[in-house]
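Values quoted throughout were computed directly from the atomic coordinates according to the rules given, and no laboratory measurement underlies them. Since the structure is predicted, the reported quantities are computational estimates derived from the model, not experimental observations. Neighbour counts run over all protein chains shown; Cβ positions are idealised from the backbone, glycine included.
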Amino acid sequence: MLLTPLGQRFVRANMDDRKDIWKAQLLELRLFRLVMELLDLHHGELQESELRSELQQRLPMENPDQTFDTLVTWGRFGELFAYREDREMITLE
């Protein structure tokens, strides 16, 4: 298996550095930039239902539940945002 230089750096990095690398790469993706823009527009708090609605509109051929779960998992690992399940809210980290 061949890794890109970035992949090699990720594999060799400690957990904090991995999170920084992950975060930087997520912000290269339009979907994650959209979430950050929505969080900014809503003063750091975004209702889960609103994000799910955006996902359905923007990605109509994708499973919205799976997309939401993946988005939240990846975003949390990269410390872009937090998911407050009890409040059904995405918030800035």
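Computed values, structure above
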read-out: The range 39-57 residues that are touching a residue at least 24 places away in the same chain (Cβ under 8 Å) and surrounded by 14 or more Cβ atoms within 10 Å (Cβ to Cβ), paired with ones that are in a strand (DSSP E or B) and among the aromatic types (F, W, Y) (beta carbon under 7 Å, 6 or more apart); value: L39/F81
read-out: Conditions (1) closer than 24 Å to E85 by Cβ; (2) surrounded by 12 or more Cβ atoms within 10 Å (Cβ to Cβ); (3) more than 12 Å from the chain's Cα centre (by Cα); (4) not charged (D, E, K, R): number failed by I21; value: (1)
read-out: Top-ranked residue of the range 24-53 - restricted to ones that are among the small types (G, A, S) and more than 20 Å from N63 (Cβ to Cβ), ranked as nearest to the chain's Cα centre (by Cα); value: A24
read-out: Count of residues meeting criterion [under 13 Å from K23 (Cβ atoms), surrounded by fewer than 17 Cβ atoms within 10 Å (Cβ to Cβ) and among the aliphatic types (A, V, I, L, M)] in the range 59-89; value: 0
read-out: Close pairs from the range 78-89: first touching a residue at least 40 places away in the same chain (Cβ under 8 Å), partner among the hydroxyl-bearing types (S, T, Y) and exposed (fewer than 14 other Cβ atoms within 10 Å of the Cβ), Cβ under 8 Å, at least 6 apart; value: E88/S49
read-out: Criterion: surrounded by 12 or more Cβ atoms within 10 Å (Cβ to Cβ) and touching a strand residue (DSSP E or B) at 6+ places or on another chain (Cβ under 7 Å) - qualifying residue of L92, L27; value: L92
